[in-house]
Amino acid sequence: MEPLYELLAPYFDRPEAPSDHLPPPSANDTSTASYLTRLSSLSLSDLASTEPASLLHSAQTHLRSLQALSKRSQKAVIASSSHLSNLTSILPSLGSQTRELHDGIPELESAASDFATKYSRSTENAVLDRRKRTLLLSRNVDRVSDVLELPTLLSSTVSAAQTTSTSSSSSMTTSYASALDLHAHIRRLNGLYPNSELVGSIMKQAESEIQNLTTILITSLQSPSLKLAGAMRTIGWLRRVAPDLAEDGYAPTKSLATSAKALTVSKDAQSEDGALGSVFLICRLRTLHTTLNALDPLRELANQETTRRQAGLHIKLLQQQVSASALGSQSERYVKRYIEIFREQSFNIISMYKSIFPSALPTADISGPLDDWKDASPALPSPLASFAIHLVEMLSSELQLYLPNIADKQARESLLTQVLYCAGSLGRLGADFGMMIALLEVDMAAHAENDLESTHADPEWEQVMKKHRIQASRLEVLSRGVGGRKASGDVLSPPPLSA
């Protein structure tokens, strides 16, 4: 092949066209060697006739292939050309950056080592702890949100309880139960996390709402239309909502050796209801005062008669033979209405108290030695005993103030009879105050001296009590179904009255 290559080599430097600047083929090129081998295998006629056409066909085929390739790879070729043109500037920059990276690797390794040492789990770190808490908060954000909504939910429940206080008892019971469950849950959280400021703040808000609920319950005890069932439910809720009111342990309990009707106090008094009994009595006393304040118009008219009596006008009118029934008529109306309200309300209050607080009834227990009672410190009085005494003082003060205004003897006797009926009504509950009318003897005697028709030597209160006993005996006989003149005669002769 080398002689043939040397024979053709002089013709390689003659370009067919001025634009052709291709280098001559190398003798070591495999394509050149294969083509020269092919040429040596052809005859002279083939070289003269068919070989030029074959070369032209091959050239055209390669040209079309190049054109198709250029069309398909136009963008890639252009991009490669542009990158290739920028390669001269990119390579130096890449080299400088590589050197910078090589120089910065030791510093990076030292910084990574310091970071790993600083934030290692085996050592305490404030930043790491803060991040742990933040991550924990992020994972439990729903639970924290539920805990933060507990005071708002409790407030809504208390508001619902206040709204439904006049509706069905089932809705009210559900609201109270939900409020108590929420408060118990908050207290349990406070016990589990006593050092948490968040839980402590929620606990304070919950206590404020529970105080509001306690206020609502106490206010409901002042309702004029309160019944025994509603009062028992309200006291039951107060025992759960405000346990502090039921744990002071000062009120008395019943003694098995004495009667429950006695209004005295045991020395060793213990109670399971605490101050709830006192709260109940105070609320009902306020309702009683509110009801009695509705009689203020009649009270003002009666006060005018009291002013005239104190000025001595009653005696002048009696000396002028003015009708006694006209004197003190306004006082009679006021006192009569006052006794009616007092009798109804006082009986309801004491009877409800005895039904709601059976273990806090006042008793008397003197079974121990007398020296022990002398040395023992005085116990606090029973709320019921003090309340009953206060009621009697209320009625006594009103009678002492307005009963002397009534000049008509029959009107006075009628009012005193009503007082005795009221005393008997409360007597069934252990609070009989019938002998209280004996304390009004001085004022009654003053009217008896000015009563022109008064010929009795006995005090007026004693006459009223005798008549009342006769009427009570007759009613008792009628209730037992006993008849006959003999029985009636026995009834009409009352036993001697003992003050």
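The values are calculated or read from the model by the stated rules, or taken from the named source; none is laboratory data. Please read all numbers here as calculations on a predicted model, not as lab measurements. Every residue, glycine among them, receives a Cβ derived from its backbone with ideal geometry; neighbour counts consider all protein chains shown.
Key figures
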quantity: Any hit, segment 231-238, residues being under 16 Å from LEU154 (Cβ atoms) and not assigned by TED's automatic domain parsing to the domain that holds SER178; calculated: yes
quantity: Evaluation of ALA379 against (1) at pLDDT below 80; (2) not in a loop (DSSP other than H, G, I, E, B); (3) not charged (D, E, K, R) (one fails), failing number; calculated: (2)
quantity: Single unsatisfied condition, ILE105 versus (1) more than 20 Å from THR215 (Cβ to Cβ); (2) surrounded by 14 or more Cβ atoms within 10 Å (Cβ to Cβ); (3) not hydroxyl-bearing (Ser, Thr, Tyr); calculated: (2)
quantity: Cβ-Cβ under 8 Å pairs, at least 6 apart or on other chains, segment 122-150 side assigned by TED's automatic domain parsing to the domain that holds ALA179, far side among the small types (Gly, Ala, Ser) and in a helix (DSSP H, G or I); calculated: LEU150/ALA206
quantity: Some residue of segment 33-53 being loosely packed, with under 10 Cβ neighbours inside 10 Å, of a type in the set (A, V, I, L, M, F, W, C), over 30 Å from LEU128 (Cβ atoms) and without any contact (Cβ under 8 Å) to a residue 60 or more places away in the chain; calculated: yes
quantity: Sole exception among (1) at pLDDT 90 or above; (2) surrounded by fewer than 12 Cβ atoms within 10 Å (Cβ to Cβ) for LEU189, by number; calculated: (2)
